[in-house]
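Novice: Would you mind keeping the following structure in view while I ask a few things?
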Amino acid sequence: MTFGTAAEVSAPALRLQGVGRRFGALQALHDVSMEVAAGERRAILGPNGAGKTTLFNVVAGDFLPTSGSVELFGTNVTSLTPYARTRLGVCRTYQTSQLFMGLTVAQSLFLAIRGVQKGRFDPRRPKADDPARIRSTEIAETVGLASVLQAPVGSLSHGQQRQLEVGMALAGNPRLLMLDEPAAGLSRSERVVLTELLLRLPRDITVILVEHDMDVALAVADRVTVMAEGTPIVEGNPSEIQANRTVQDIYLGHAVGVHHG
Amino acid sequence: MSWVRSRQGIFTVVALLILVIYPLVMPRFWVLSIGSYSIILGIAALSLVFMSGYGGMVSLAQAALAGFAAYMLALATLTPSTNATGSAIGFALPALVGAVVAVVLTTGLGALFGAISARSYGTYFLMLTLALAVGFFYIVLQNYDIFGGHIGFAGILGPTGQPRENPALFYYICLATAIAAYLGLRYIVRSQLGLTFQGVRDNPRRMAALGYRVAAHRIALFAIAGFVAGLSGVLGAWYRGNVSPGIVDLSRTIDVLIVAVIGGLGYPIGAFVGAVVFVLMDVFASSISLFGFRFDERFNTLIGVGFVVIVLVAPDGVVGLVNRAWQSATHRGGGRRRAVDPLAAEAGLLAAPVATTSIAPSDPAGDATPSNQ
C-alpha cells in the first residue's frame, strides 16, 4: 500500500460533484453529489434503474460522466482511464461476473495482483516462490476458493465465481473497494460467509456496496445512500434509512425480496 | 499423470526423430517443396494461431508481415546492381545480418499494425488487418523505387546459398527455426506477459479494471506475432530466392488462415499439421483421380472441398479431431469438446487451456447498457 500525503489522507475516498450521465435520451445519472469518507462502509440502495451500476461505472472510469466531476482520495480523476484509476487504488466487482473463463482461479488472482504492480509486460515465468503466487493462494483461502485453486474458472459454480469476483477485487490492494451486488445469486449460507468476509476487511479499505439483500447491506454499512431515478434522495445510517418513510415507499415497501440481480 | 507425460514424451521423441531423419532418406523434392515449405508456411500459421488462441485476435495480416520480412531481407542483402528494376537500394549485408534486420523491422511493423488495430475486436479487427494486408500488397505492387513493383527482387541467397545446393541443411535451418519459435511461444504463454494476453482474450474490460492497459498488451502480442511471421518470411525468401507481390497477395493471406483452421486454431502444433495437409493437397490435388474423374484442371475445387469437410467434421481442426479420438479411445474425458492446449500438458500454475476463439465481435464494455442497472 502506498501512503498519501497529509492532504490525501484527510480527503474523502470519493467525492462526486454534480455528476450526470446521459445515454441518448436517457438521463441515467442526474446531478449526483456525494462524499464517502476514507474507511467508511457505504451501501447504495435503490430500485432497478435507479442508476447504481451507472454510478459504479462512472467512478471506475468505464463511462465518463457527461457532466460534473469525480475525485478519488483528493485527486480529480474525471477524465482518467479505468486502468489509471485502478492503479490509484480503486478495485471493483461486477453485477454480472467479468471473469477469465479460459484461465484458472490461481492465474486469475495472479493477474489481479500483478495488475497494480510494475512488470506487467514481464516475459519471464513467475517462480514457485513468486510473492504474487503466494499471495494468490492466500486470497483464494480468504474468499473460500483454496480447494479449486487450479480449476478453470469456467468450471466453477455460480457462487464460486461470485467469490472469485470479490477475490480479484481484493487482490488489487484496494483503497476503495466497490462491490456491485456481490451477493447476487448466492445461497443463504454463502451470503453469511460473504457478510463475514466483508466485516473482516481492514478498516483502511473504504467500501461502497450496491446490494439488494438487506441482511448483507445493512450488516456491513455504516451509512446508506438511497437512489431513485438517477439521483440520491436520502442518506443516513442504517436505522435512519429503515425508519425513513420515503425510502419505505419507494424501495423497501415493494422491493425487498423481489430483486435479485 | 506420469503415464500421460511419459506417453507424450515418447511421442515427442519419435516425432522429432522422424523429422530429423526425414531429409536424409527422402528425395530433394520432398525435402524442399514438401518438408521445408510446410515448415515455412507452418511458422506463418503459428503466428496466427498464437494471436488467435492466446489473444483472441484473428489476424489476416500475417502473410503481409511475412512478406514484409522477405522484402526487407532482399533490400538488406542484395547489392544495388542485382536489383531487377535498376533502383539503387540494397545494402549488401551478409545473409544472417540481413535476416536479423528483417525480423527486427517486421516486429516493429507488427507493433505498428497492432497500434492501428488494437482497439477493435472480432470482425472489425479481422477487417482492419485485412485492409492492412491488402494495402501492403498494393504498395509493393505499385512502388518501383523501393519494392521493385510487380517484378520484385531476385537472386536472394541464404547463409547456405541456394536451398537446392544442400536441401537437408536448408531443411534443418527451417526445422530449428520452427522448434525455436514453438518453444519460445510455449515459454511466453505461461509467463506474466502471456497470461495478460489470455486475460485480454477472455475479458478485456476486466483486464482494464485490474490495472492493465489493454491496447498496449494487444500491441505487444501483435509485435511478437510479427516477429514469428518475420522468421517465416525470411526463410520463405531464402527458399524461393526471390520476392514479388505474389507472396503477399490475397490468396497467400487466406492460405495462412486456411492452414491455421485445418490444423486447429486453438493448437499451436496444429499450425504445422495444417501446413503439411495444405501443402500435400496443394501439390498432389492435380494428380488425383476420383471415380475416374481427374482434378488436374480443378485442383482448387478439391482443396476447397477438403477445407469445407475439415471445417464441418472437425471445427477445431485436425489436431482437435485427433485429440478427441485419442481421449475417447483412452476413456479419459471422452466427451469433452473443449480444446485443451497441448502446450499446457505439464499442467503447472501457469498452464492454461486455450479458449476456443470465435470471430464474433465481443463487446469490451460487457453490460454497459443503461437498462442493465
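Novice: Name the single residue that is surrounded by the most Cβ atoms within 10 Å (Cβ to Cβ) among those in region A:199-227 being without any contact (Cβ under 8 Å) to a residue 40 or more places away in the chain and not in a loop (DSSP other than H, G, I, E, B).
Specialist: The extreme case among them is A:Val216.
Novice: Tell me, yes or no, whether region B:131-144 has at least one residue that is assigned to a helix (DSSP H, G or I), in contact (Cβ under 8 Å) with a residue 60 or more places away in the chain and of a type in the set (Ser, Thr, Tyr).
Specialist: No, the conditions are met nowhere in region B:131-144.
Novice: Now for a different question. Please find, within region B:9-35, the residue that is surrounded by the most Cβ atoms within 10 Å (Cβ to Cβ) out of those that are over 23 Å from the mean Cα position of the chain (by Cα) and closer than 14 Å to B:Tyr172 by Cα.
Specialist: For region B:9-35, the residue satisfying everything is B:Met26.
Novice: For region A:77-110, enumerate the residues that are charged (D, E, K, R) and crowded, with 24+ Cβ neighbours inside 10 Å. Give the steps one after another, and end with the answer.
Specialist: Narrowing region A:77-110 to residues charged (D, E, K, R): A:85, A:87, A:92.
The answer is A:Arg85, A:Arg92.
Novice: With the requirement that a residue be closer than 30 Å to B:Leu32 by Cα and hydroxyl-bearing (Ser, Thr, Tyr), what does region B:191-248 give you?
Specialist: B:Ser232, B:Tyr239, B:Ser244, listed by residue number.
Novice: Given the conditions (1) at the interface with another protein chain (Cβ under 10 Å from one of its Cβ atoms); (2) surrounded by fewer than 21 Cβ atoms within 10 Å (Cβ to Cβ); (3) assigned to a helix (DSSP H, G or I); (4) not small (Gly, Ala, Ser), and given that A:Ile134 satisfies all but one, which numbered condition is not satisfied?
Specialist: Looking at each condition in turn, A:Ile134 falls short on (1).
Novice: Ok, one more. Does at least one position in region A:172-193 carry a residue that is within 9 Å of chain B (Cβ to nearest Cβ), under 23 Å from A:Ala60 (Cα atoms) and of a type outside the set (Val, Ile, Thr)?
Specialist: In the first step, residues of region A:172-193 are kept if they are within 9 Å of chain B (Cβ to nearest Cβ); the result is A:172.
After this cut, where a residue has to be under 23 Å from A:Ala60 (Cα atoms) as well, the list is A:172.
Subsequent filtering for residues that are of a type outside the set (Val, Ile, Thr) retains A:172.
Yes, some residue in region A:172-193 is within 9 Å of chain B (Cβ to nearest Cβ), under 23 Å from A:Ala60 (Cα atoms) and of a type outside the set (Val, Ile, Thr).
Novice: If you scan region B:41-62, which residues turn out to be crowded, with 24+ Cβ neighbours inside 10 Å and assigned to a loop (DSSP other than H, G, I, E, B)?
Specialist: B:Gly56, B:Met57, B:Ser59, B:Ala61, listed by residue number.
Yes/no matrix, rows are residues, columns are (1) within 20 Å of A:Ala217 (Cα to Cα); (2) of a type in the set (Val, Ile, Thr); (3) touching an Asp or Glu at 6+ places or on another chain (Cβ under 7 Å); (4) buried (at least 22 other Cβ atoms within 10 Å of the Cβ):
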{"residue": "A:Gly39", "(1), (2), (3), (4)": "yes, no, yes, no"}
{"residue": "A:Gly49", "(1), (2), (3), (4)": "yes, no, no, no"}
{"residue": "A:Asp62", "(1), (2), (3), (4)": "no, no, no, yes"}
{"residue": "A:Thr75", "(1), (2), (3), (4)": "no, yes, no, no"}
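Novice: So which residues in region A:77-103 are within 7 Å of chain B (Cβ to nearest Cβ), out of contact with any Asp or Glu (no Cβ under 8 Å at 6 or more places or on another chain) and among the hydroxyl-bearing types (Ser, Thr, Tyr)?
Specialist: Hits for region A:77-103 are A:Tyr83, A:Thr86.
Here's the yes/no breakdown for (1) farther than 17 Å from A:Val59 by Cβ; (2) away from every other protein chain (no Cβ under 14 Å); (3) over 19 Å from the mean Cα position of the chain (by Cα); (4) modelled with pLDDT of 95 or more:
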{"residue": "A:Ala7", "(1), (2), (3), (4)": "yes, yes, yes, no"}
{"residue": "A:Ala11", "(1), (2), (3), (4)": "no, yes, yes, no"}
{"residue": "A:Ala25", "(1), (2), (3), (4)": "yes, no, yes, no"}
{"residue": "A:Asp31", "(1), (2), (3), (4)": "no, yes, yes, no"}
{"residue": "A:Gly46", "(1), (2), (3), (4)": "no, no, no, no"}
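Novice: Among the residues of region B:178-196, are any over 30 Å from B:Val13 (Cα atoms), part of a helix (DSSP H, G or I) and in contact with a His (Cβ under 9 Å, 6 or more places away or on another chain)?
Specialist: Within region B:178-196, one or more residues are over 30 Å from B:Val13 (Cα atoms), part of a helix (DSSP H, G or I) and in contact with a His (Cβ under 9 Å, 6 or more places away or on another chain).
Conditions tested, residue by residue: (1) closer than 29 Å to B:Val322 by Cβ; (2) in contact (Cβ under 8 Å) with a residue 60 or more places away in the chain; (3) surrounded by fewer than 24 Cβ atoms within 10 Å (Cβ to Cβ).
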site	(1), (2), (3)
B:Leu183	yes, no, yes
B:Gln198	yes, yes, no
B:Asp202	yes, yes, yes
B:Arg213	no, no, yes
B:Ala223	no, yes, yes
B:Leu231	yes, yes, no
B:Gly263	yes, yes, no
B:Tyr267	yes, yes, no
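Novice: Within region B:194-233, take every residue that is within 20 Å of the chain's Cα centre (by Cα) and within 10 Å of another protein chain (Cβ to nearest Cβ) and give me the one that is farthest from A:Leu176 (Cα to Cα). Lay out the reasoning, then the answer.
Specialist: The initial filter retains those residues of region B:194-233 that are within 20 Å of the chain's Cα centre (by Cα), namely B:194, B:197-198, B:201, B:217-233.
In the following step, the residues that additionally are within 10 Å of another protein chain (Cβ to nearest Cβ) were identified as B:194, B:198, B:201, B:217, B:220, B:224.
Values: B:Gly194: 29, B:Gln198: 27, B:Arg201: 27, B:His217: 26, B:Ala220: 30, B:Ile224: 36 Å.
It comes out as B:Ile224.
Novice: Can you confirm whether region B:284-291 contains a residue that is surrounded by fewer than 24 Cβ atoms within 10 Å (Cβ to Cβ) and within 14 Å of chain A (Cβ to nearest Cβ)?
Specialist: So far as region B:284-291 goes, no, none of its residues is surrounded by fewer than 24 Cβ atoms within 10 Å (Cβ to Cβ) and within 14 Å of chain A (Cβ to nearest Cβ).
Novice: Of all residues in region A:111-131, which are facing chain B (nearest Cβ under 7 Å) and within 22 Å of the chain's Cα centre (by Cα)?
Specialist: Hits for region A:111-131 are A:Leu111, A:Ala112, A:Arg114, A:Gly115, A:Val116.
Novice: Looking only at residues that are assigned to a helix (DSSP H, G or I) and over 17 Å from A:Asp215 (Cα atoms) in region A:233-250, which one is modelled with the lowest pLDDT?
Specialist: Among those residues, the one meeting the criterion is A:Ile250.
Novice: For A:Ala106, are the conditions met, namely being more than 8 Å from chain B (Cβ to nearest Cβ) and not in a loop (DSSP other than H, G, I, E, B)?
Specialist: no
Novice: Another question, if that's okay. Would you say A:Thr78 is more than 24 Å from B:Ala216 (Cα to Cα), touching a strand residue (DSSP E or B) at 6+ places or on another chain (Cβ under 7 Å) and either part of a loop (DSSP other than H, G, I, E, B) or not assigned by TED's automatic domain parsing to the domain that holds A:Met168 (or both)?
Specialist: In short, no.
The values are calculated or read from the model by the stated rules, or taken from the named source; none is laboratory data. Since we're looking at a predicted model, the values are computed, not measured. Using ideal geometry, Cβ is built from the backbone for each residue, glycine included, and neighbour counts are taken over all protein chains shown.
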